[in-house]
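The values are calculated or read from the model by the stated rules, or taken from the named source; none is laboratory data. For clarity, every value in this text was computed on a predicted model and none was experimentally measured. In this analysis, Cβ positions are derived from the backbone assuming ideal geometry, glycine residues included, and neighbour counts consider all displayed protein chains. When the accessible area is computed, the model is the full protein with side chains, heavy atoms only, and any ligands, DNA or RNA have been set aside. Shrake-Rupley method; radii C 1.70, N 1.55, O 1.52, S 1.80 Å.
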Amino acid sequence: MEICRNGDVIKISDIDPFLAELLRQIPASAQPDDSLAARQRLFSLPADPNEKEICREWKIYVEPEMKRLFQTAVETVAEDLQQLNGKEKSVRNCTLKIPASHADAWLNGLNQARLAIAARCEFSDQELADHYRSPIGSRRDLSLFQVNFYGFLQEYILREINEPGGNPPN
């Protein structure tokens, strides 16, 4: 897989079918659904729960806007991912073109997915720090790989949007 910026587009090319499937899972993975742990991680309170007034105001005034921003980001990612609608099943690996103007939405969506997966799976800090864990032998291992893969994508998207000319640093 190769990531580069070409003008106003971040291009992810040579995506193999396995990674293409993980990409397509970003919108669903970013949703907290019925997981209390994921909801609490994505929408954590700004203060100790005993600070009832601050927490109440947060839930009334801030959390609805956060939910709207999160949903908008995930919708943007989902629209961009329509480029992968089955093309990766061919012998040739596929390419995903992300408008640079969508980079913030991608960073947000990837971060939401990472936080929600980590909360649902109750990964320890030690597990999250182990970037060399291999092989994938269970659904939990796959989820940890997914968290790390999304983090890798975040890092490269940041590099591409922050470097003059869009070239990654040496």
query = If you take the residues of the stretch 149-170 that are touching a helix residue (DSSP H, G or I) at 6+ places or on another chain (Cβ under 8 Å) and modelled with pLDDT of 90 or more, which of them is most open to solvent (accessible area, probe 1.4 Å)?
reply = 158
task = Hey, could you check the stretch 1-51 for residues that are of a type in the set (S, T, N, Q) and under 21 Å from residue 67 (Cα atoms) and say which is surrounded by the most Cβ atoms within 10 Å (Cβ to Cβ)?
result = 29
query = Of everything in the stretch 94-105 that's in contact (Cβ under 8 Å) with a residue 60 or more places away in the chain and open to solvent by less than 50 Å² (accessible area, probe 1.4 Å), which residue is nearest to the chain's Cα centre (by Cα)?
reply = 103
request  = Return the pairs, sorted by first residue and then second, in which the second residue is open to solvent by less than 80 Å² (accessible area, probe 1.4 Å) and assigned to a helix (DSSP H, G or I), the first residue lies in the stretch 48-60 and is at pLDDT below 95, the beta carbons are less than 7 Å apart, and the residues are 6+ apart or on different chains.
outcome  = 49/55
message = Can you pull out every residue in the stretch 17-43 that is within 18 Å of the chain's Cα centre (by Cα) and assigned to a loop (DSSP other than H, G, I, E, B)?
response = 25, 30, 31, 32, 33, 35, 43
task = Go through the stretch 136-164 and count every residue that is farther than 14 Å from residue 29 by Cβ and hydrophobic (A, V, I, L, M, F, W, C).
result = 5
